[in-house]
1. Pairs Lys25/Lys131; Lys123/Lys155; Lys15/Lys152; Lys15/Lys178; Lys24/Lys166; Lys24/Lys144: which are spaced more than 22 Å apart, C-alpha to C-alpha?
2. In whole angstrom, note down how far apart the Cα centers of the range 1-38 and the range 160-189 are.
Amino acid sequence: MVEISAKLVKELRGKTGAGMMDCKKALVESEGDVEKAMEWLRKRGITKADKQLSKTTAEGLVGSYIHTGGRLGVLVELNCQTDFVARNEAFLQLVKDIAMQIAACPGVEYVRVEDIPAEIVAKEKEIEAGKDDLSSKPEAVRAKIVDGRIDKRLKELSLSDQAYIKDQSITVEELVKKNIANLGENIRIRRFVRFVMGEGIDKEESDFAAEVAAQTGAKS
């Protein structure tokens, strides 16, 4: 894999105005080619979207998704800047898609990695650090492995980091940014709640994630 320097990331950021992490990802995907990285960002609407991210989102909608048979339900609050955009068909569709995404991701508990409480992160680190396969490794190596595993685990809990069920080449975060670019307003997933029929009662569980993905025709 091509080594991506901080200087190269800064150069791409200066040309596009995109966030540092988006620039780094674009360069990794483009093997360090700045022009291809710029194209990668443009295709995902990220260069336009990042200019909107600091704007206040006080309008929006609470949307819902009820899975077939009424055994699984989701409520999600999606915010935007104006009531005009909140009534836009593209925004309404985005609310539906995100609600369905949440239904298909039973392991997701937070909107973003940064929303995960510090005590949860600390507990996950404790679990990983205590695993038997790390006991014989040097401390520095062990710490690096734990950090990598924690990063992966936290992303598993984050809705924004999930592959979009209708197009797994992009994440939910990239889906939102594409809509920001198209609608010209900042959009933010604020919160969500998932209801599962009989949750907490001992019973045979169905694979809701697989069922929802099958109904939406998710790409492999």
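1. On the way: Lys25/Lys131 30 Å; Lys123/Lys155 15 Å; Lys15/Lys152 30 Å; Lys15/Lys178 19 Å; Lys24/Lys166 25 Å; Lys24/Lys144 20 Å.
The answer is Lys25/Lys131; Lys15/Lys152; Lys24/Lys166.
2. Cα centroid of the range 1-38 versus Cα centroid of the range 160-189: 19 Å apart.
Since every read-out is calculated from the coordinates, none of them should be taken as a lab result. Note that the coordinates shown come from a computational prediction; the quantities given were computed from them, not determined experimentally.
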